[in-house]
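Here the structure is laid out as structure tokens; the discussion comes afterwards.
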Amino acid sequence: NYPFWRDNNHAPWAGKPVWTNTNVHGYDHHHVLLDDNIHNDPSDGAGGIRVPIVAENGSNNNYNRYESLHGQEALDLHGRHLIRVPTIRPSLEDDWFIRQIEMARWLTHKIN
């Protein structure tokens with residue numbers, strides 16, 4: 001929602017949502033936002049990282065809500081869930097998007 005993002009001074013938490021834990025019902029999905037408006041700036045960017053909050057019963061598979069990451073926590077997920085797209089490069093390299101997604105999955109599994 002561009003007006004919401006704009007009205008919140010382009011804060012990443014107000015941007016396009018990216019869900020970090022997407023292993024739901026046995027399907028393992030890796031959400032990645034590829035956008036030219038992703039910056040290495042904790043107060044300006046298009047993507048808002050959402051992390052699951054464990055339900056009160058403590059079950060890791062029972063998330064009842066998500067929270068937005070702010071500041072350095074969000075920046076730490078650049079390359080894993082947020083990937084800045086240089087405007088021209090993908091048009092010059094046929095496999096640019098595929099390589100970025102493969103690297104994001106590799107980084108995520110390496111770190112986790």
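The values are calculated or read from the model by the stated rules, or taken from the named source; none is laboratory data. Please read all numbers here as calculations on a predicted model, not as lab measurements. Neighbour counts run over all protein chains shown; Cβ positions are idealised from the backbone, glycine included. The protein model used for the area step is the full one, side chains on, heavy atoms only, and it has no ligands, DNA or RNA in it. Shrake-Rupley method; radii C 1.70, N 1.55, O 1.52, S 1.80 Å.
With (1) within 17 Å of Gly15 (Cβ to Cβ); (2) hydroxyl-bearing (Ser, Thr, Tyr); (3) loosely packed, with under 15 Cβ neighbours inside 10 Å as the list, and Ser68 as the residue in question, which single condition is left unmet?
Ser68 satisfies every listed condition except (3).
Do any residues in segment 96-112 that are at negative phi have Cβ atoms under 7 Å from those of residues that are assigned to a helix (DSSP H, G or I) and open to solvent by 100 Å² or more (accessible area, probe 1.4 Å), where the two are at least six apart or on different chains, and which pairs are they?
As it stands, the answer is Trp96/Arg89, since those pairs meet every condition given.
Could you say whether any residue in segment 24-37 is farther than 24 Å from Gly79 by Cβ and at pLDDT below 85?
yes
Which condition breaks for Arg80 when tested against (1) among the charged types (D, E, K, R); (2) touching a Ser or Thr at 6+ places or on another chain (Cβ under 6 Å); (3) modelled with pLDDT under 90?
Of (1) among the charged types (D, E, K, R); (2) touching a Ser or Thr at 6+ places or on another chain (Cβ under 6 Å); (3) modelled with pLDDT under 90, only one is false for Arg80: (3).
Within segment 83-112, which residues are modelled with pLDDT of 90 or more and part of a loop (DSSP other than H, G, I, E, B)?
Across segment 83-112, the qualifying residues are Val85, Pro86, Ile88, Glu93, Asp94, Asp95.
Given (1) among the basic types (Lys, Arg); (2) open to solvent by less than 80 Å² (accessible area, probe 1.4 Å); (3) in a strand (DSSP E or B), where does Arg80 come up short, assuming only one miss?
Result: Arg80 passes all but (3).
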